[in-house]
Each structure stands twice: as structure tokens, then as C-alpha cells.
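Below: one structure, written as C-alpha cells.
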Amino acid sequence: MARILPATTQAIAEAVAALRAGQLVAFPTETVYGLGAAARNAAAVERIYAVKGRPRGHPLIVHLPGPAALGEWAVASELAHALAHRFWPGPLTLVLERSPLVPDVVTGGQETVALRVPRHPVAAALLTAFGDGVAAPSANRFGRISPTRAEHVSAEFEEDLLILDGGPSEVGLESTILDLSGVEKGEGIRLLRPGGVPVAAIEEFTGQRVLLPSDLSAPERAGVPRVSGSLASHYAARAPSELVAPAALIAAAHAGGQRVAVLALQAAPQGFAGEWLQLPSDPVRYAQRLYSALRQLDAGEPTRILIEAVPAGAEWLAVRDRLTRATARGGA
Ligand code: TXA
Ligand code: MG
């Protein structure tokens, strides 16, 4: 059974002891909850794949106590150091050439490693007390909705697992992932996953354009390291979900019958009998609530979930990315 503990000093000490003993610990970050193992302990990291049902070869992010540890885990360029000092702690993951100490099981055998320093105080306290890297994917079963609360984590796993409760995640969507591993070869900064740090903030800070997946040619895309969050179908509810244009939403909801659930920006029409959740029209506040809302709708076991399409602006990029994947059929 999973055990949720409020993240007191004592609970954090217990979590550190568990990590040292090679056990898994779920912990809050500002993006989503993570399922952590001591990153240098290959056997412990192996358990993450087993518990999540995650295919091998989908590499994990190593969470560090601070930017000072960067050089230990990766070969870091000046650009990497600059980005780390500007955006860490925070929702930014950097993919860099790995150092020899990183176990293969963490990187999926690739020559790169993903690193991040979370800013959630409980994650920071855990990492500082542990004093080393913690490999952690989002604490959900593979392909499912990422958890933004401790109870979401306990609903995912049957296993005996310590879950530190640090309240709801403030960002609500996973970190932005930048691949810097091709920068020295002149390949530029590549966005692997939009997330908590906007692309515009990276571009403003570096003075460089960030290459979006859509900017790359097919052979270039094939060369980009595997990102499980980039599979077409991911972050999905159990019920079939589809995106619906704002103007078509009310008609689609009525046509769908009682068991249809709706996630919308607009208010429910008078007399709508099914479940209708309205999210804030500000993208940051929408992102905070999205995963929780999808879980809530899914729990009612609707026949379908209709999701109102969000605006086209850059500030909605990460939300649009997750909605597209949450509503994609089949894998890629
Ligand atoms: O916000 C987050 O990033 C959360 C919290 C817990 O930190 N973590 C998270 O982990 O979202 P996960 O495993 O669900 O997603 C990490 C993504 C995966 O899609 C993985 O393939 C990619 O990072 N990744 C990890 N190492 C990589 C590497 N060396 N090259 C390319 N992608 C990598
Ligand atoms: Mg994930």
C-alpha cells in the first residue's frame, strides 16, 4: 500500500533513508509529482521502470540539489551553465552530454542525460538532505495523466510506496525540456517538450532562437533523442477524449448524451445534464488545474470526454501540446 506522509522534517528523513536503501519515494515538485530513486543505484532505477510499466529506453530526468552538481553529471557548456544559473531551481530540464558516472539505465543507453533542479521546497529539502542525484519520472503509470497531488500518486500504484505530500503542484504541467547536446555542433537549442518555462523566456535570455519540433526536418527529428512525453498518445484519460472547437462545443455536448463529460473554457449551457468543468481562461491557471480536472472527469467513467480547444497563442503552447497528446488515438 502507498503511504502518504505530510512532508515534515521527519518524513523527509525517512524518505532519504528509503532512497539510500534503494527504495522508491514519490515526492512533490512544482511541475508534477515524481517517482524517485537514487540515480547512481542502477537496481533502484530499474524498479522505476517496473513500477511505472515504462518501456526501457525511455530515459529519466536526474533531479539535483543545485546547479553546482551539474558538472558532475554532465559535460556542461557555458550555455548550459548560464541557463542553469538563470532558470534553476525551476521547471526547466537540460539534456546534455552525460558524464561517465551516469548509469545506462538512467539514460536508456543514450549519450545524453536530462538534468533538472526543482524549486518545490519539499523536493529541494529532500534532494539537499539526500545530497545526490535522484532519477525521477512523473509518478504515474506509463501513458497516463501525470499527478499533481499526493492522492493522484496513491491512486496510480498498488506497491508499497512512501509518498511525501507537499500540496498541489503549482505549475501543473511537466518541465520544459531543452536539448543542448547539439549546440557545440552548431545544431542550436532544441525544444523536446514545452512546459513550465516559456520558450520566449529562453530566447530572450540566450538571444538564440529555440528550434521547435516542427522546425526540424524528418531526418533531423529522427535523430532527436526519444522523449516518451513526445509520443503522439500520452497523458491520456481512460475515457476516449477529443478536442472540439469552441463554436461546436455546446452542440457536440448535447449530441453526446448524458454520459459525456466536458472540459471547457466557456460556461456550461443552461440545462446541460452531464458533467461540465470550466477551467480558467488564463493559460498559467489553466495549466495548474488541467491534470486534476481530467482525473476528476475520468473518475465519473464518462463514455467520452470533450475538451474545448484552447487559443493558438505561444502562451498556450504547453497546454496545447498536452491536450493534443491526451486526445490522440493510438501510439506513435
Ligand atoms: O516536470 C518534470 O519534468 C517531471 C518532474 C517529476 O520533474 N518529470 C517528468 O519526467 O516529466 P518524465 O519521465 O515523465 O518525462 C521526462 C521526459 C521523458 O519524456 C524522457 O524521455 C525525457 O524526459 N528524457 C529524459 N532523458 C532524456 C535524454 N537524455 N534525452 C532526451 N529526452 C530525455
Ligand atoms: Mg511522465
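The values are calculated or read from the model by the stated rules, or taken from the named source; none is laboratory data. Since we're looking at a predicted model, the values are computed, not measured. The area values use the complete protein model at the heavy-atom level, side chains included, leaving out ligands, DNA and RNA. Shrake-Rupley method; radii C 1.70, N 1.55, O 1.52, S 1.80 Å.
Laid out as a table, the results:
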quantity: In Å², nearest 10: area of I145 left accessible to a 1.4 Å probe; calculated: 0
quantity: The chain: angle of helix 317-326 to the longest principal axis, Cα-based, in degrees nearest 10; calculated: 70
quantity: Alpha-carbon centroid distance for the pair region 156-199 / region 245-321, whole angstrom; calculated: 24
quantity: Rounded D (µm²/s) - the chain, Kirkwood Rh over Cα pairs, Stokes-Einstein at 37 °C, 0.692 mPa s; calculated: 162
quantity: Accessible surface, region 54-211, averaged per residue in Å² (probe 1.4 Å); calculated: 37
quantity: Accessible carbon and sulfur surface of region 15-114 relative to its total accessible area, %, 1.4 Å; calculated: 55
quantity: Mean ellipticity per residue at 222 nm, deg cm²/dmol - from DSSP H runs of n ≥ 4 across the chain, formula -39500 (n - 2.57); calculated: -9000 deg cm²/dmol
quantity: Average Cα contact separation per residue, the chain, under 8 Å, 6 or more apart, as relative contact order %; calculated: 19
quantity: Region 269-332: C-alpha gyration tensor shape, a/c 1.5 cut-off, then a/b vs b/c; calculated: oblate
quantity: Computed lengthening from R86 to L265, 0.36 nm per intervening residue step minus Cα-Cα distance; calculated: 61.1 nm
